[in-house]
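Asks: This structure is in structure tokens; I'll ask about it shortly.
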Amino acid sequence: MFHGFQFVKMSSRKSKSNNLIHAEYLSQVQRILRERFCHQSPHSNLFGVQVQYKHLIELLKRTAIHGESNSVLIIGPRGSGKTMLINHALKELMEVEEVSENVLQVHLNGLLQINDKIALKEITRQLNLENVVGDKVFGSFAENLSFLLEALKRGDRSSSCPVIFILDEFDLFAHHKNQTLLYNLFDISQSAQTPLAVIGLTCRLDILELLEKRVKSRFSHRQIHLMNSFGFPQYLKIFKEQLSLPAEFPDKIFTEKWNENVQCLTEDRSVREVLQKHFNVSKNLRSLHMLLMLALNRVTTSHPFVTAADLMEANQLCSMDSKANIVHGLSVLEICLIIAMKHLNDIYEEEPFNFQMVYNEFQKFVQRKAHSVYNFEKPVVMKAFEHLQQLELIRPMERTSVNTQREYQLMKLLLDNTQIMNALQKYPNCPTDVRQWATSSLSWL
Amino acid sequence: MPHLENVVLCRESQVSILQSLFGERHHFSFPSIFIYGHTASGKTYVTQTLLKTLELPHVFMNCVECFTSRLLLEQILNKLNHLRSSEGGCSTHITCETFNDFVRLFKQITKAESLKDQTVYIVLDKAEYLRDMEANLLPGFLRLQELTDRNVTVLFLSEIVWEKFRPNTGCFEPFVLYFPDYSIGNLQKILSHDHPPEYSADFYAAYINILLGVFYTVCRDLKELRHLAVLNFPKYCEPVVKGEANERDTRKLWRNIEPHLKRAMQTVYLREISSSQWEKVQKDDTDPAQLKGLSAYTHVELPYYSKFILIAAYLASYNPARTDKRFFLKHHGKIKKTSFLKKHEKITSLVTLQLLTLVGHDDQLDGPKYKCTVSLDFIRAIARTVNFDIIKYLYDFL
């Protein structure tokens with residue numbers, strides 16, 4: 001590992017060797033930052049959730065060390081840090097000596113275990129009790145679960161190992177038949193059989209409405225809310241901390257230069273504007289990470305530090321209107337059909353229309369003297385109409401049936417007038433007569 | 001990548017964005033990337049070419065081909081298995097029924113020496129069909145990196161925008177990348193690229209210019225335009241081949257090809273006739289209007305009485321009831337009465353052909369009501385074959 005300042009002294013080879021150093025360090029920077037932004041590495045700090053964290057870690061300690069059974073729900077919108085919070089808490093918990101030998105963890109996810117049978121098999125697998133269960137057949141779910149927990153009892157002591165259940169996408173478990181898994185878990189956590197901690201993570205604020213009465217009554221009604229409750233100044237601090245390199249980075253001088261650059265960015269007005277715009281749309285850290293990752297993409301050996309322009313470009317990429325992009329690529333005939341639909345919507349106040357109506361409206365435009373270049377055969381126009389349907393820019397009101405012919409099926413346009421007019425502005429080489437038709441359907445004025 | 005630019009035209013900026021997103025082999029990348037753009041805008045081609053050229057471990061899946069979750073998951077696992085044991089030796093077929101098993105087996109497979117420490121890419125083409133499969137597939141794939149705790153990135157390719165994919169309770173948001181449509185200049189460049197070696201590039205470029213002039217306002221799909229370019233080129237070259245004009249006589253060439261292209265728009269473009277029929281037309285120089293097309297009216301051969309039943313049904317469906325007397329009193333002897341049973345059979349066969357449809361409930365035994373669902377052009381063609389002037393009898397044409 002060479003020290004940076006040795007090369008700096010040799011001024012003749014300065015730029016070339018600087019480049020070499022930069023390349024190696026940049027690769028490391030990419031590695032560290034990418035892990036932080038994309039993989040949610042566990043070294044990240046907790047921003048603004050210290051109170052919730054304390055609550056959670058206390059609860060876990062009570063189960064793990066004192067054998068008390070507990071249940072809690074962690075509720076917060078997507079990207080607010082629920083999984084990160086629990087992972088942090090578990091990491092700290094496992095650092096306690098007596099805990100790491102004793103406590104077992106079972107991680108379940110509503111997306112993976114889509115019914116209770118699979119969930120039970122997964123629990124058996126994670127508790128390493130597959131051999132113990134063997135080929136036994138159980139009468140009910142409850143029997144099976146209590147057998148598993150019995151099997152965890154230690155030989156000499158009468159009490160069994162504490163188990164921590166983490167249920168991610170908790171609301172999906174509430175859709176299982178009879179909510180058997182939830183009922184049994186909460187039931188055991190209320191009765192004193194095994195020290196059990198049930199921690200559910202969900203994005204639904206109305207989660208308690210989804211639980212059946214008997215399940216709800218066994219739940220302790222403890223909830224931890226993560227509501228992204230920080231303001232813009234703290235958002236800026238988070239931005240700075242996320243983009244800075246950690247102190248353990250091998251080269252001190254490079255780290256200093258990089259972090260100084262980040263500080264300048266924080267004070268730059270255009271960067272603040274970009275961040276304010278981003279903050280106004282979405283507060284959560286996940287979208288901030290996406291922005292930072294896009295800006296990081298533009299860092300290369302010839303462009304070694306993130307600049308304000310990078311962040312502005314990144315913001316542009318994040319906030320494109322995708323439907324407008326799709327309209328940009330339509331053919332002129334398809335644009336004409338959309339304009340005809342727009343006029344029908346204006347005249348008939350958003351009533352559904354069918355292909356024949358759109359075709360008639362289009363013909364009114366075509367029959368004006370100068371527009372005979374758009375006089376296409378009806379089947380050609382129908383093909384363009386079907387293409388719009390394939391792109392899901394128009395949608396049938398009810399599912400296609402054989403009872404009505406295709407031309408007479410009622411449809412709805414999924415673009416509104418402002419979107420259409422904006423898209424027309426950006427449409428490349430838009431013929432002037434088409435554009436004029438868009439602004440007014442009245443041909444005799 | 002210098003040679004990549006020759007293989008992938010007009011897509012430099014998308015290629016560079018993707019390359020920088022992928023980063024170095026062992027770096028993490030976005031857990032999921034959603035690429036959208038019009039059909040034939042190069043999404044599949046660019047992604048495949050880039051992954052192959054950079055030799056990154058990847059699995060390419062088509063969601064139309066693998067339309068159930070089991071097919072999709074099993075194929076991904078088996079392809080990955082092939083990747084990791086690339087020294088040949090046929091490994092056993094892996095079965096996987098649920099997403100839970102998929103995650104578990106995926107973790108096992110990616111522990112292999114050849115796959116760990118590198119990002120593994122899973123590409124799901126035609127991703128809009130994922131919305132119709134099991135509900136946990138799409139959110140599961142979006143967070144596959146987190147669920148498996150491995151370095152994996154899932155790419156979704158689709159022509160539908162991301163907003164129509166998002167599940168009700170939200171999901172892990174992917175990075176959304178737009179593949180812009182080709183401009184007319186780009187289309188010209190790409191289409192001129194596959195000119196046959198016997199003719200000069202300028203000659204072919206002039207032909208493409210004419211082709212785009214006819215078709216560009218109607219269709220911008222690169223696949224369709226390429227197909228039309230290939231099909232009609234022999235006709236374009238005809239005057240040169242016959243010796244009537246040389247390569248630079250643009251006016252003559254244009255006059256020869258333009259009506260032909262216009263006819264192509266009404267037939268081959270609409271798939272009314274097949275491309276082999278079209279090629280025959282060019283060779284034999286017959287009038288394409290005389291060709292038996294693929295559309296309904298030329299293929300349905302109805303028996304004589306069924307045609308009259310259909311015409312009567314059309315008139316009954318479209319004329320208001322009070323005008324029947326006006327049309328039919330004098331001519332009522334023209335239509336012979338057939339036995340009741342035969343009429344019933346003919347009506348059911350017309351229903352099967354979807355020329356008539358049943359209106360109202362099936363349990364109305366005494367009087368099932370039907371409606372005629374053919375277009376005016378169709379019924380005119382049928383009426384013409386029995387020498388019946390239907391226009392005289394239609395109320396709307398009075």
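Asks: Based on Cβ point charges of +1 for Lys and Arg and -1 for Asp and Glu, what charge dipole magnitude is obtained for the protein assembly as shown about its Cα centre, in debye rounded to the nearest 20?
Replies: 1920
Asks: How far is helix A:14-38 tilted, in degrees, relative to the longest principal axis of the Cα atoms in chain A, given as a value from 0 to 90 rounded to the nearest 10?
Replies: 80
Asks: If each Cα of chain B is one equal point scatterer, what is log10 of I(q)/I(0) from the Debye formula at q = 0.09, 0.12 Å⁻¹?
Replies: -0.85, -1.02
Asks: Please rank A:Val380, B:Val218, fewest neighbouring Cβ atoms within 10 Å first, as an exposure proxy.
Replies: Fewest to most other Cβ atoms nearby, the residues stand as A:Val380, B:Val218.
Asks: What residue among B:Ala40, B:Ala127, B:Ala313 shows peak mean-square fluctuation when chain B is described by a Gaussian network model with Cα springs under 10 Å?
Replies: Most flexible of the set in this elastic network: B:Ala313.
Asks: Now for a separate question. Sequence gap at least 6, Cα distance under 8 Å: using those rules, report the relative contact order of chain B to the nearest whole percent.
Replies: Rounded, it is 14 percent for chain B.
Asks: Computed over the Cα atoms of the range A:185-281, what is the convex hull's projected area averaged over all directions, in nm²?
Replies: Average of the hull's projected areas for the range A:185-281 equals 10.4 nm².
Asks: Using alpha carbons only, how many degrees (0 to 90, rounded to 10) separate the axis of helix A:50-66 from the longest principal axis of chain A?
Replies: The angle comes out at about 40 degrees.
Asks: While we're on this one: What does the convex hull of the alpha-carbon atoms of the protein assembly as shown project to on average, in nm²?
Replies: Averaged projected hull area, Cα only: 51.7 nm².
Asks: Sticking with this structure for a sec: For chain A, what does the helix formula give at 222 nm: sum of -39500 (n - 2.57) over DSSP H segments with n ≥ 4, over the residue count, nearest 500 deg cm²/dmol?
Replies: -17000 deg cm²/dmol
Asks: At R0 = 22 Å, how high is the FRET efficiency between A:Lys61 and A:Arg222 if r is their beta carbon distance? Nearest 0.05 is fine.
Replies: Plugging the Cβ-Cβ distance into 1/(1 + (r/R0)^6) gives 0.90.
Asks: Count charges around B:Glu128 for me, please; just the other residues with Cβ under 11 Å from its Cβ, Lys/Arg as +1, Asp/Glu as -1.
Replies: -1
Asks: Taking every alpha carbon pair in the range B:184-296, what does the distance histogram look like in 10 angstrom bins from 0, in percent?
Replies: Over the range B:184-296, the share of Cα pairs per 10 Å bin runs 13, 47, 34, 6, 0 percent.
Asks: Still on this structure: Run the quick spin-label model on A:Arg395 and B:Gln19: label points 7 Å from Cα toward the beta carbon, then report their separation in nm to one decimal.
Replies: Placing both labels 7 Å along Cα→Cβ, they lie 4.0 nm apart.
Asks: Continuing with the same structure: Could you state the number of Å between the C-alpha centres of the range B:94-119 and the range A:205-220?
Replies: A separation of 36 Å, based on Cα centres.
Asks: Something else now. Can you list the residues of the range B:96-119 with backbone N under 16 Å from a point 7 Å past the Cα of B:Glu134, pointing along Cα to Cβ?
Replies: Zone members listed by number: B:96-107.
Asks: How many nm separate the modelled label positions at A:Glu407 and B:Phe67, each set 7 Å beyond the Cα in the direction of the Cβ?
Replies: Between A:Glu407 and B:Phe67, the label points sit 3.0 nm apart.
Asks: Let me ask something else. By the gyration tensor of its Cα atoms, with a ≥ b ≥ c the square roots of the eigenvalues, what is the shape of chain A: rounded for a/c under 1.5, prolate for a/b over b/c, or oblate?
Replies: The shape class here is oblate.
Asks: Considering only Cα-Cα distances, which of the following residue pairs are longer than 27 Å: A:Lys383/A:Lys412; B:Lys43/B:Lys164; A:Lys61/A:Lys82?
Replies: none
Asks: Quick check: net charge around B:Leu356, other residues with Cβ under 12 Å of its Cβ, Lys/Arg +1 and Asp/Glu -1?
Replies: Computed value for this residue: +3.
Asks: Here is a further query. Fewest Cβ neighbours within 10 Å first, please rank A:Asp135, B:Asp117 accordingly.
Replies: Fewest-to-most Cβ neighbours within 10 Å comes out as A:Asp135, B:Asp117.
Asks: Follow-up. Quick check: the angle from helix B:376-385's long axis to the longest principal axis of chain B, C-alpha only, nearest 10 degrees?
Replies: Taking the Cα atoms of chain B, the angle to B:376-385 is about 50 degrees.
Asks: Would you be so kind as to identify which of B:Leu212, B:Leu155, B:Ile190 lies farthest towards the positive end of the dipole of the range B:98-242, taking Lys and Arg as +1 and Asp and Glu as -1 on Cβ and the Cα centre as origin?
Replies: Checked the options; the winner is B:Leu155.
Asks: Using the 10 angstrom Cβ neighbour count as an exposure proxy, how do B:Thr385, B:Thr352 rank, fewest first?
Replies: Fewest to most other Cβ atoms nearby, the residues stand as B:Thr352, B:Thr385.
Asks: From the helices alone, meaning DSSP H stretches of at least four residues, give me the mean residue ellipticity at 222 nm for chain B, per-run term -39500 (n - 2.57), in deg cm²/dmol to the nearest 500.
Replies: After summing the helix terms and dividing by residue count, I get -14000 deg cm²/dmol.
Asks: Based on Cβ point charges of +1 for Lys and Arg and -1 for Asp and Glu, what charge dipole magnitude is obtained for the range B:184-296 about its Cα centre, in debye rounded to the nearest 20?
Replies: 240
Asks: Calculate the dipole size of the range A:47-223 relative to its Cα centre from +1 charges on Lys and Arg beta carbons and -1 charges on Asp and Glu beta carbons; express the result in debye to the nearest 20.
Replies: 360
Each reported figure results from applying straightforward, stated rules to the coordinates on display, with no laboratory input. As the structure is a computational prediction, the values presented were derived from the model and not from experiment. All Cβ positions, even for glycine, are placed from backbone atoms using ideal geometry, and neighbour counts span all protein chains on display.
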